[in-house]
Structure formats: structure tokens, C-alpha cells
Amino acid sequence: MSATDIHDPNRRDFLYVATGMAAVVGAGAVAWPFIDQMRPDASTLALASVEVDVASLTPGMSLIVKWRGKPVVVRNRTEKEMKDGEAVNLSDLKDPIARNANLPADAPATDANRTTPGKEAWMVMVQVCTHLGCIPLGQEGDFGGWFCPCHGSQYDTAGRIRKGPAPENMAVPVFKFISDTKILIG
Amino acid sequence: MSEGHSTYTPKTGIERWFDARMPLPRMVYDSFIAYPVPRNLNYMWTFGGILAIMLVAQILTGIVLAMHYTSDTNLAFGSVEKIMRDVNSGWLLRYMHANGASFFFIAVYLHIFRGLYYGSYKAPRELLWILGCIIYLLMMATGFMGYVLPWGQMSFWGATVITGFFSAIPLVGNWIQQLLLGGFSVDDPTLNRFFALHYLLPFMIAGVVVLHVWALHVVGQSNPTGIEVKSKTDTVAFTPYATIKDAFGMIVFLFIFAYFIFFLPNYLGHPDNYIVANPLKTPAHIVPEWYFLPFYAILRAITFNIGPINSKLGGVLCMFGAIVMLFLVPWLDTSKVRSAVYRPWYKLFFWLFVADAILLGWLGSQPAEGGGLLTLLIGEFTGNYVGYAQAATLFYFAFFLIVLPVLGLIETPRRLPNSITEAVLEKNKGGSGHPAGATAAPETKG
């Protein structure tokens, strides 16, 4: 072995490098299934859309459906809640982005952008705190919206983060009204 | 200390036969019988042995519990209740295991604080210290995953919060979180892998413990004076002196452990964990196991964005940073004197740090309320838990990043004795009787 010789790369150098590369690629190929098996499996990924009948929800009522293992709240907001939500100045928001999967990623977090056009009374939202994934309690806290009991994050009536450690507004999933009283989530 | 000559002489034919082929008896003799230990070790040095038996106890009780446990989200909670009610002695084994985890952590915290007080991490014991920190990290992972297995409300929501840490990592966070969970939320795949890993990690701990003890036997034990062993009169043989002392420490420790098992078995747990996990309802107040509370308080103390780092990532970074500090201690402490006994200012700051850690632990058990540090400064004293947590977090990091480096440079230490023997004899001359925790015989010898 004359590793210190300053020769042009010869056949042996090439063989060393090629063998080493093959070993690295081989080790990676063997390791990958062991990592890959940990990812969500087919049965978890086979997420069905959920259809929700909201005919019975009068203003001030909510229901929660399970979607992708997470709770999604459907709330028929009261007049006061809507007014409170609209009255908020965008510059007061910790997270000024709507986080609405039905809108462009940079849509501002106005009250209207948190809902769907023509159905502004209705909040449809993944009720999972954006801090560390707890379920906030509805209609509690300083802003009359949601309050997370885990680490004290407070959301307003449009599910926007107002106070506490959570970084983002709660997510609005892809959804649409398929009739006046039916919502399709996902 | 252990390097050099071995004093083992095989006496019987079998011993000679082994010694020529695999000198295991020689290793045991050199490590646990003739091994020289500083003669002035106090009872704070018994926690290494206590930790060893706690690890063995956890593995033994854990293996038999695993024979009755089912890691399926529909069955897990019921199988734990079955262990409590139906399995013969199941209640005892489970209470031993659950309280054993707590007592394992009590012992490890005392062990860590002892290291910090006496400067046990200083050269040449840096690697020994770091191996200990790795054991502590593995213990935390094991404890966390074990707490998920009963599938109660705190199991589920603790797991949700802790795996949520990883979603704070920019770009790849959600991918990593889903990799850990095996789904979009804590569910059956999560429980199964946590069970598998909870079974595996204690054996990895045992492996690192072997390295920890190996490193210890190369550099030798530190001692309350922090002075290296210089002559034979500074040491006594491991057996009987350290053996008996360790045994007595273990017995006292196990007495307290037994008191908890039989009279306060659920004192260190949370009643909500006797409610089966419900993914749609968060308990009013999520708290982790008590031994994570100081870190939990640090996590929640970061309620503000720091430049591009949002409050969530900031909290997670501070929490992990709090543990990273321990790894860096050997290089953060600039003092040439090891033991706090001879460092009056360090001694003061050490006890402030202990108080700070306890305060953080208490704050971690309180709701995350209050206006924060700024409102604390203008007089919001009652109920401002966030404010106190921010102040305590600040001190926590200041202790490592400011006090340890600066104090070593500006502090005037007290005069060090010339040797361990001199320190021991000096202490005896003072007429205060036997120093607590020193064995009687070696003090008067030499």
C-alpha cells in the first residue's frame, strides 16, 4: 500500500473508491427499509374524506368529527363571534397568514379568509393546537375562541393565535359545502 | 488507578484454569475487591451502585410485566388493569416498575448533582461524565416511552406533546414527526414501536453503563476533596470498605423505595393516567412525569419569537439546550480546583442552581399562566408562572454559560490540603467526631 505516493490515480485507486462507494450505497439500501417501515403505512394513508351533516347546528353550536385521527371542529359562529373576528386588526396577529388549505399559501388571516365565501358564520378547522398538538378547549380564554390547556395558547373566534407559545393559526382543512347542510372535509 | 499490576493470585485449580483462558475472576477481583478507592468517599458516592441495582430491578420487573402486557391501543389499558387486578403479584411488580422509574431518576439526579458539586467532570474524567450524560438521555427516552404504554390520558397526551417537539424542526419537522408516530397522530403504530423501543433501550443503557464503569476504572474515582490519589495511604480497598458503605446506602434507599411502593404507590404518578386515552379530549392540565418537569418549564417559558426562530422552535431548542449544557460542563468550568468544598463562591452558586432546578420543577407542574418576565418586573407577582419560569430559565443558562466560565477565572479558592490523607486527618483533629459517612477504620490508619 503506497497511499503517500503522488502518482496519477491508477487502477487500484479506482478500485478502492468504487468498492467504497458500493459499500456506502449498499449500506444505505439496506438501512432504508428499516427507516421506511416507520413511515405511515397504507392503511393510515388511506384517508377517506368525511361528510358531515350540519343541519342541526344553530348559531353558537359546534360539533367535532375525527379526520385523519385528528378532531376537526365545525362551528356555527354567533353574530358576536363573527363581529369580534372581523374587528381584529391584522397587525395585531401573531401569525398574519390565513393557514387555509382552500386559499393560496400567503393569503392574509382576515376573518373572511379563515372561512369560506358566503358561509362566513362557519368555522371548519383542525382543532389541534399548533404548538405541540393538544386539543384546545372551545369558547374559552381571553379572546372567546379557543384555549389550549397544555401550554396556555389562546386563539380568537376565527381560530387565530393571539397569545401563548403556539406559532401558527389553527389549520383550516380542505373542505366545501356540498349542499346547504352538508360539508365534505378532505 | 487500576492500571498497572494486578494483585490477584488464583488459589484453586479451577481459578488457575480460568485465569489462563478467560481471566474473568481476575477482572472481578481487580474491579470489585482489591480496587483502590479514595478513603474519604462520602455517602454521595453510593449512588452509582444504587443506580446499578435500580437498572437491574427495572429490567427484571419490566421483563415479567411484558409477559402480561398487550401493546394494542384497544387492549393496552385493559391489560395494565389486568396486571393490577388479576395477575398474581401483578400489582406489586407494576408498582415496583412505575415507582422504580421515579427512584431511578431520584438517584440519577443526586448522582449528577454530586458530580457538579465536587467537580467530578473535570479532566481526566470528561469522557466518564459524557457517558453518564448519554445514559441520562437514554433514561429519559426510556422513561417517556414507558409512560405511554399504559395508554391512559397522560400517556397519550404526553406522547402527543413530546413527539410534537419534532414538528418544530424547520423543513423536515413534519416528516420526522410522522416517522416517529407512524401516522398523523399518536395511534396504534406509535404504541407498538414505543413498546419495542422501551424494551430495547434499557439494554443499551446497560451497555453504556459498562463503558461508564470502564472509564471510571481507568481514571479512578473522584473524591470530596477533588485531589487526585497520590499514595497508597490515600486509598482503601473496595472490599470491604466501599462494598459495605454502598450496601448500607442501598438498603436505606430501598427502604424509602419500599415505603413508596407499599404506602404511596401512586403519589408520583398522575390520576388522569387511570382514564383510558381519548384522542378527542385533552386533559385540563397536561403534566409530564415529575422528572421531566424542569425541562417542561423551560419549554413553556419561551412564549416569544426570537428573530426568525418562532416561540415553538425556541422552546424546543432551549429545552434540548438545557441538556446540552450538561455535556459541555467539563469545558465550561474553567476552575483548576475541582471540589466546591474549596470554592466558596461556586458553592453558593451551586446551591442557587439546585434551588433553581427545583423551582423550575415546581413551575413545570403549574399552569402556563401570567404575563411573563416583563410584567414580573413591573410587579405582577401572583400567578405569573410564565414570568418566574422565564427568570429561572435565564438563571439556568447563566449558571452554565456565565457563572461556570467566569467564576473559575476570578474566584480565589481556599487552600487545598496536600493529600487526601492530610485532609482526612485534619478533619479528625478538629474534634468534630467522625465525619458523616466515613468508615471508622481507614481514618485512623496511615
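Points to keep in mind about this one:
- Candidates in the stretch B:278-324 are the residues that are open to solvent by 20 Å² or more (accessible area, probe 1.4 Å), assigned to a loop (DSSP other than H, G, I, E, B) and more than 10 Å from chain A (Cβ to nearest Cβ); of these, the one that is farthest from B:Asn384 (Cα to Cα) is B:Pro308.
- Among (1) within 14 Å of another protein chain (Cβ to nearest Cβ); (2) open to solvent by less than 10 Å² (accessible area, probe 1.4 Å); (3) more than 13 Å from the chain's Cα centre (by Cα) - the single one A:Lys94 does not satisfy: (2)
- One residue from A:Cys134, A:Cys129 being of a type outside the set (A, V, I, L, M), surrounded by fewer than 24 Cβ atoms within 10 Å (Cβ to Cβ) and either facing chain B (nearest Cβ under 10 Å) or assigned to a strand (DSSP E or B) (or both): A:Cys134
- Members of the stretch B:356-413 found to be within 14 Å of another protein chain (Cβ to nearest Cβ), surrounded by fewer than 19 Cβ atoms within 10 Å (Cβ to Cβ) and not in a helix (DSSP H, G or I), listed by number: B:Ser365, B:Gln366, B:Pro367, B:Glu369, B:Gly371, B:Gly383
- In the stretch B:325-355, the residue that is farthest from the other protein chains (Cβ to nearest Cβ) out of those that are of a type outside the set (Phe, Trp, Tyr) and open to solvent by 60 Å² or more (accessible area, probe 1.4 Å) is B:Lys336.
- Taking the stretch A:149-158 as the range and being closer than 21 Å to B:Trp157 by Cα and either out of contact with any Gly (no Cβ under 7 Å at 6 or more places or on another chain) or more than 10 Å from chain B (Cβ to nearest Cβ) (or both) as the test, the residues that pass are A:Pro149, A:Cys150, A:Gln154, A:Tyr155.
Residue by residue, here is whether (1) assigned to a loop (DSSP other than H, G, I, E, B); (2) in contact (Cβ under 8 Å) with a residue 40 or more places away in the chain holds:
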residue: A:Ser62; (1), (2): no, yes
residue: A:Lys66; (1), (2): no, no
residue: A:Pro104; (1), (2): yes, no
residue: A:Asn113; (1), (2): no, no
residue: A:Lys119; (1), (2): yes, yes
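- Options A:Asn76, A:Asn100: the member that is more than 16 Å from A:Tyr155 (Cα to Cα) and buried (at least 16 other Cβ atoms within 10 Å of the Cβ): A:Asn76
- Some residue of the stretch B:9-29 being in contact (Cβ under 8 Å) with a residue 40 or more places away in the chain, among the aliphatic types (A, V, I, L, M) and outside any loop (DSSP other than H, G, I, E, B): no
- In the stretch A:27-43, of all residues being of a type in the set (D, E, K, R) and not in a helix (DSSP H, G or I), the one that is surrounded by the most Cβ atoms within 10 Å (Cβ to Cβ) corresponds to A:Arg39.
- Residues satisfying the stated conditions in the stretch B:154-197, i.e. open to solvent by less than 40 Å² (accessible area, probe 1.4 Å), more than 11 Å from chain A (Cβ to nearest Cβ) and under 26 Å from the mean Cα position of the chain (by Cα): B:Met154, B:Ser155, B:Leu191, B:Phe194
- In summary, B:His68 fulfils each of the numbered conditions (1) in a helix (DSSP H, G or I); (2) surrounded by fewer than 18 Cβ atoms within 10 Å (Cβ to Cβ); (3) of a type outside the set (Val, Ile, Thr) with the single exception of condition (1).
- Condition met for B:Gly90 (over 28 Å from B:Phe295 (Cα atoms) and modelled with pLDDT under 95): no
The values are calculated or read from the model by the stated rules, or taken from the named source; none is laboratory data. Computed from a predicted structure; not experimentally measured. Backbone-built Cβ (ideal geometry, glycine too); neighbour counts: all protein chains shown. Heavy atoms of the whole protein, side chains included, go into the accessibility calculation; ligands, DNA and RNA do not. Shrake-Rupley method; radii C 1.70, N 1.55, O 1.52, S 1.80 Å.
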